[in-house]
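First comes the structure, then the notes that go with it.
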Ligand code: NOJ
């Protein structure tokens, strides 16, 4: 025993010595999971109960009133901090790491975590936009670069991907995920895990954190943090699917959600954290709570006091407490009272240590400060960002081929508060902007890009209008106690409208860049209306009244109420928040250097009152298209303005020859769908072929359509490609509330292929 201890200590000390001499640039081959497990076990044997609980504690890197007066330096040297979050100052990261590695008894390095959601210094489009690319490969590339940047800057753990299904766009966090569909969401979840973690964790990768486990997007009324009531069949068939996909892709960590799921808060939910995640799926990584969520088990009326909160979270299977200090202050008492055994604590600590070994953190604990800027300013980052942004944009309308723009336009009026807003074009959750800090990059706005494109002899007039932030303060501004600015007065509004009138009357073309301020769709940013905030609608109507062609470019994190625009504006391009090179990417699309190929990952509502709105609903007792007593609103169609999967191109495509390799299969066997896609226009472009199915009858009602395959392909004019998609157990099975199990049921399945979720090309499959 003594020998083992000495040996283990030697390994730890050796790691530290190597780190001290070699610095962060020295690379070593990643170690296997087995080896990480072996080393973690050796280390675990040396740890006291307090040190174990320390590894289960994540401390805030910023001082907040609720964190009390504990000095982080003391806690770290006492071995009471396993991880730190919200810290991006590399000098401070190295200083704290030095304390952990050199001054704590067991020299265990700190794992630094941060929300690297869509890029580090180079900011990629928001996740909802990247999902609109329907191109998991490109999302993987983006997250690989983001992860490498983060690692070079001292962050080894990102709280990404957010894989929450969002069927209700009132919920502001829809911007952080892949939209409403579990199949597309799973593909994007896998891509992100692979992007961040690579083939295996090592000194160049970051560990992904799949969040928010689970059901968070189903918040009542679309209000962030509100309760979710989701029956097990919906959890299994919809909400859990992208989580499972991420787990199967090897995600190293999960984050438990804030809300209560079916009355049991997710952070103390044993069904989620143990039964589903560990027992059903065999997850081997660790789960961190969302920030302060262990403490808020009390707020939920679930835990009696902090000790009970620590007990309920740990016994449910939660490995790490984010920021609330509830574990560090209470868990030892829970163990001493015999409510949780130390062996159970060991099980919770072990995966945290394993991940640290897998990341090579014991060998490479420090940031090489001299390299950070060179890595973060790599030019390939910006080039990739521009490509991803272009691929993420969705052309919603293009009457009479208004787009692409002719380069001959000489007088252009650019209107709207987002046209030149560097603060908004990158969207929320940017690393360097998170706490109100200055962004070190220089995002290119649409106005700047258009000016550059049109050249010096063009006359570009800009009318901003009042900033949307004057209506909606950012969450982080509020944390810092800043008050929202006063909304524009009537007189100010009238002045902006007059300016819009003058500028548009004198122009050959109007480009309106409108939408929401970046902080309007984010955490704690739900909306009950999808109106264009402020006076944007009036500005748009003024522009259209000029009789000049108007292109509307949208920057937003959720679908908006654009019913009026969809009837009166010539062209609408959904750019979402396109990132650092966003303006250039918009210009690429407007001028036709990039042919838009993005498709909607959400059903686009007409009004907020239609929410929740999603294409994969069941048939009702009397569907809307029947004559009477139907499922409908008196005042509006139940159908979306634009369907899930929709998006135009500067060319056109024809889908035909839909065939199944076998039209009849045994349950569990596979057939293959094939479909021909032809570019019928005169420009090269990208089509996204989409395959949908419907099970006509069975042990439960099934959705009218479900996406079960897609592929984005580039086609030259006149070119045809035959695309093939498997349709087997994985695509045909579902979790039945009657059998309480997954299975493929015999019966007839409809199969469609085409450009969006309303595709008409149809075939039938018999499952025996
Ligand atoms: C709260 C958010 O819900 C979560 O998504 C985020 O990762 C953590 N805070 C850490 O910033």
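Given points 7 Å out from each Cα along the Cα-Cβ axis, report the residue 607 to residue 73 separation in nanometres with one decimal.
According to this spin-label approximation, the distance is 6.1 nm.
Which FRET efficiency value, to the nearest 0.05, do you get for residue 617 and residue 304 by plugging their Cβ-Cβ distance into 1/(1 + (r/R0)^6) with R0 = 51 Å?
On the way: r = 41 Å, r/R0 = 0.80.
Computed FRET efficiency for residue 617 and residue 304 comes out at 0.80.
Within 10 Å, count the other beta carbons around each residue, average over each peptide in 712-721, 236-245, and list them highest first.
Numbers: 712-721: 14.3, 236-245: 23.9.
Highest mean packing first, the order is 236-245, 712-721.
How high is the relative contact order of region 618-709, in percent, with contacts defined as C-alpha pairs under 8 Å that are six or more residues apart? Let's see the in-between values first.
On the way: 101 pairs, mean separation 22.2, N = 92.
Relative contact order for region 618-709 comes out at 24 percent.
Over all distinct alpha-carbon pairs, what is the Kirkwood Rh of region 379-608 in angstrom?
Here the Kirkwood hydrodynamic radius works out to 17.7 Å.
Taking every DSSP beta bridge that has both residues in the chain, what percent is antiparallel when rounded to the nearest 5? Don't skip to the answer; put the middle values down first.
Details: 49 of 92 bridges.
About 55 percent, rounded to the nearest 5.
Output the antiparallel fraction of DSSP beta bridges having both residues in region 379-608, as a percent to the nearest 5. Before the final figure, lay out the partial values.
Details: 4 of 23 bridges.
About 15 percent, rounded to the nearest 5.
Assign one of three labels to region 653-767, namely rounded, prolate or oblate, based on the Cα gyration tensor with a ≥ b ≥ c the square roots of its eigenvalues; rounded applies when a/c is under 1.5, prolate when it is not and a/b is larger than b/c, and oblate otherwise.
Working: a/c = 2.77, a/b = 2.31, b/c = 1.20.
Verdict is prolate for region 653-767.
Set the Förster distance to 25 Å, then compute FRET efficiency between residue 670 and residue 758 from the Cβ-Cβ distance, nearest 0.05. Display every interim value, and only then the final one.
Numbers: r = 26 Å, r/R0 = 1.04.
So, using R0 = 25 Å, E works out to roughly 0.45.
Taking the Cα of residue 696, stepping 7 Å toward and past its beta carbon, and measuring to each backbone N in region 729-750: which are under 11 Å?
Residues 747-750 qualify, since their backbone N sits under 11 Å from the label point.
Mind ordering 450-463, 514-527, 370-383 by average Cβ neighbours within 10 Å, highest first?
Values: 450-463: 16.4, 514-527: 24.6, 370-383: 14.6.
Packing proxy ranking, top to bottom: 514-527, 450-463, 370-383.
Residue separation times 0.36 nm, minus the C-alpha to C-alpha distance between residue 722 and residue 684: what's the value?
Details: separation 38, 0.36 × 38 = 13.68 nm, distance 1.67 nm.
Length gained between residue 722 and residue 684: 12.0 nm.
Helix 379-392 versus the longest principal axis of the chain: what is the Cα-based angle in degrees, 0 to 90, to the nearest 10?
Helix 379-392 sits roughly 50 degrees off the main axis of the chain.
Working out 0.36 nm times the residue gap between residue 766 and residue 635, then minus their Cα-Cα distance, what length gain in nm do you get to one decimal? Provide the component values of the computation, followed by the final result.
Working: separation 131, 0.36 × 131 = 47.16 nm, distance 4.00 nm.
Contour length minus Cα-Cα distance gives 43.2 nm.
Would you work out if region 204-247 is rounded, prolate or oblate? Take a ≥ b ≥ c from the square roots of the eigenvalues of the alpha-carbon gyration tensor; rounded if a/c is under 1.5, else prolate when a/b is larger than b/c, oblate otherwise. Show your work: numbers first, answer last.
Numbers: a/c = 4.15, a/b = 1.57, b/c = 2.64.
Cα axes put region 204-247 in the oblate bin.
Contour minus end-to-end for residue 408 and residue 229, with contour as 0.36 nm per residue of separation and end-to-end as the Cα-Cα distance?
Working: separation 179, 0.36 × 179 = 64.44 nm, distance 5.55 nm.
That works out to 58.9 nm of additional length.
Ranked from highest to lowest mean number of other Cβ atoms within 10 Å per residue, what is the order of the peptides 328-338, 601-611? Before the final figure, lay out each step's value.
Values: 328-338: 17.4, 601-611: 22.5.
So the peptides 328-338, 601-611, ranked by packing, come out 601-611, 328-338.
For each of 326, 48, 758, count neighbouring Cβ atoms within 10 Å of the residue's Cβ, then give the residues from fewest to most. All intermediate terms of the calculation are to be shown ahead of the outcome.
Working: 326 28, 48 12, 758 16.
Least to most surrounded, the residues fall as 48, 758, 326.
Run the simple label-point estimate for residue 91 and residue 529 please: 7 Å along Cα→C-beta, distance reported in nm.
4.8 nm
Expressed as an acute angle from 0 to 90° and rounded to the nearest 10, what is the orientation of the C-alpha long axis of helix 306-316 relative to the principal long axis of the chain?
Helix 306-316 and the main axis of the chain meet at about 80 degrees.
Against the longest alpha carbon principal axis of the chain, how many degrees, from 0 to 90 and to the nearest 10, is the axis of helix 490-505 turned?
The helix 490-505 is inclined about 60 degrees to the chain.
Mind running the shape call on region 640-704? Use the C-alpha gyration tensor, a ≥ b ≥ c as the square roots of the eigenvalues: rounded below 1.5 for a/c, prolate if a/b tops b/c, oblate otherwise.
Values: a/c = 4.02, a/b = 1.62, b/c = 2.48.
Oblate shape, in that a/c is at least 1.5 and b/c is the bigger or equal ratio.
Kirkwood hydrodynamic radius, the chain, all distinct C-alpha pairs: what's the number in Å? Please list the in-between numbers first.
Details: mean 1/r = 0.0368 Å⁻¹.
Taking every pair of different Cα atoms in the chain, averaging 1/r and inverting gives 27.2 Å.
Set the Förster distance to 22 Å, then compute FRET efficiency between residue 502 and residue 537 from the Cβ-Cβ distance, nearest 0.05. Spell out each step's value before the answer.
On the way: r = 19 Å, r/R0 = 0.86.
Efficiency computed from Cβ-Cβ geometry: 0.70.
Quick one: compute the contact order of region 653-767, relative version, from alpha carbon pairs under 8 angstrom and 6+ residues apart, as a percent.
On the way: 281 pairs, mean separation 37.8, N = 115.
Reported relative contact order: 33 percent.
Here, each number is a calculation from the coordinates, and none is a lab measurement. As the structure is a computational prediction, the values presented were derived from the model and not from experiment. Every residue, glycine among them, receives a Cβ derived from its backbone with ideal geometry; neighbour counts consider all protein chains shown.
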